[in-house]
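Reading through the structure tokens given below for one structure.
The values are calculated or read from the model by the stated rules, or taken from the named source; none is laboratory data. Here the structure is a predicted model, which is why all the values come from computation and not from measurement. We place every Cβ from the backbone using ideal geometry, glycine too, and count neighbours over all the protein chains shown. Surface accessibility is based on the protein's heavy atoms, side chains included, excluding ligands, DNA and RNA. Shrake-Rupley method; radii C 1.70, N 1.55, O 1.52, S 1.80 Å.
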Amino acid sequence: MARTPDGPAPEPPVQRLRLRYAKRGRLRFASHRDFQRSFERALRRADVPMAYSAGFTPHPRISYANAAPTGAASEAEYLEIAVTARCDAQRLRAVLDEALPPGLDVVEVVEARTSGFAERLEASVWRVELPGVASDAARAALAAFLAAPEVQVERLTKNGMRTFDARGAVLGAEVTEADASRSDGGGPQGTGGACAILHLVVRHTTPAVRPDDVLSALRSQAHLAPPSSTRMTRLAQGPLDEDGSVADPLTADRDIDGA
């Protein structure tokens, strides 16, 4: 005879909310599991009326979407929560942001009024700082990469070593020079010297092509190897527009909310 969990059934959710959050500064080194633990603590501290799954080990109903790799900063991470009592989105943003450590910042909260959110995350915009690399050298390497029909790279995944094409996922790329005047913590690492900035639009594929895969491809294709560690920041992720730009995935929910 099958066992059934003791106690009453969990309360049903009455509202779903979608959150955009950022990983900044030293918190870019936090793993996705580290963030999950911090976020669940923040939910408890903020006394959010979370909905829970059924079963012997109930879990808060949180859906994470396409998290950035450990070591990458991001301005555009997303998740969705389900709650058992209606919450004001702006107040929820404020209390959760206060409960999270500095560097894990809740940027926006909207009520989820549409379905298929994960499918909207079709591509990402990345900024990659290349300290010690001159812009001309980076442009030459990028031109060689873009001219290739495919560039195979290897990466160790949880399923072992994988080989895949890094070129096909890159929809757009350009090189600019670092703005040495920035003092907001978003500028290049270190002071002085050359620092090319690589801007990428990368389609989400399986396996995922990450900025470090593109750097591996630049190394193998054009022998571009930054002398010091790079810094990667996801600036946006969302649906692809016809012109190849990446749109805001929360727009559909805002449009219905304001209709």
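Observations on the structure shown:
- Subset tally (residues that are exposed (fewer than 15 other Cβ atoms within 10 Å of the Cβ), in a loop (DSSP other than H, G, I, E, B) and either in contact with a strand residue (DSSP E or B) (Cβ under 9 Å, 6 or more places away or on another chain) or not hydroxyl-bearing (Ser, Thr, Tyr) (or both)) for the range 56-65: 3
- If you check Ala236, Ala252 for being assigned to a strand (DSSP E or B), more than 22 Å from Pro131 (Cα to Cα) and not charged (D, E, K, R), only one passes: Ala236.
- Wholly within the range 88-185, helices (runs of 4 or more DSSP H) carrying at least 1 residues that are within 30 Å of Met50 (Cα to Cα), at pLDDT 95 or above and open to solvent by 60 Å² or more (accessible area, probe 1.4 Å): 89-99, 117-120
- Test: residue in the range 202-210 that is in contact with a Ser or Thr (Cβ under 6 Å, 6 or more places away or on another chain) and either modelled with pLDDT of 65 or more or open to solvent by 30 Å² or more (accessible area, probe 1.4 Å) (or both): yes
- Positions within the range 232-252 being surrounded by fewer than 20 Cβ atoms within 10 Å (Cβ to Cβ) and farther than 17 Å from Gly172 by Cβ, in sequence order: Asp248, Thr251, Ala252
- Close contacts from the range 232-255, counting a first residue that is of a type in the set (Gly, Ala, Ser) and a second that is part of a loop (DSSP other than H, G, I, E, B) and surrounded by 20 or more Cβ atoms within 10 Å (Cβ to Cβ), with Cβ to Cβ under 7 Å and a gap of 6+ residues or different chains, come to Gly238/Pro249.
- Scanning the range 209-231 for residues that are assigned to a loop (DSSP other than H, G, I, E, B) and either in contact (Cβ under 8 Å) with a residue 60 or more places away in the chain or more than 22 Å from the chain's Cα centre (by Cα) (or both) gives Arg210, His223, Leu224, Ala225, Pro226, Pro227, Ser228, Ser229, Thr230.
- Single condition Gly71 does not satisfy, out of (1) in a loop (DSSP other than H, G, I, E, B); (2) over 13 Å from the mean Cα position of the chain (by Cα): (2)
- The residue that is modelled with the highest pLDDT, among those in the range 24-55 that are within 26 Å of Thr251 (Cβ to Cβ) and open to solvent by 40 Å² or more (accessible area, probe 1.4 Å), is Arg24.
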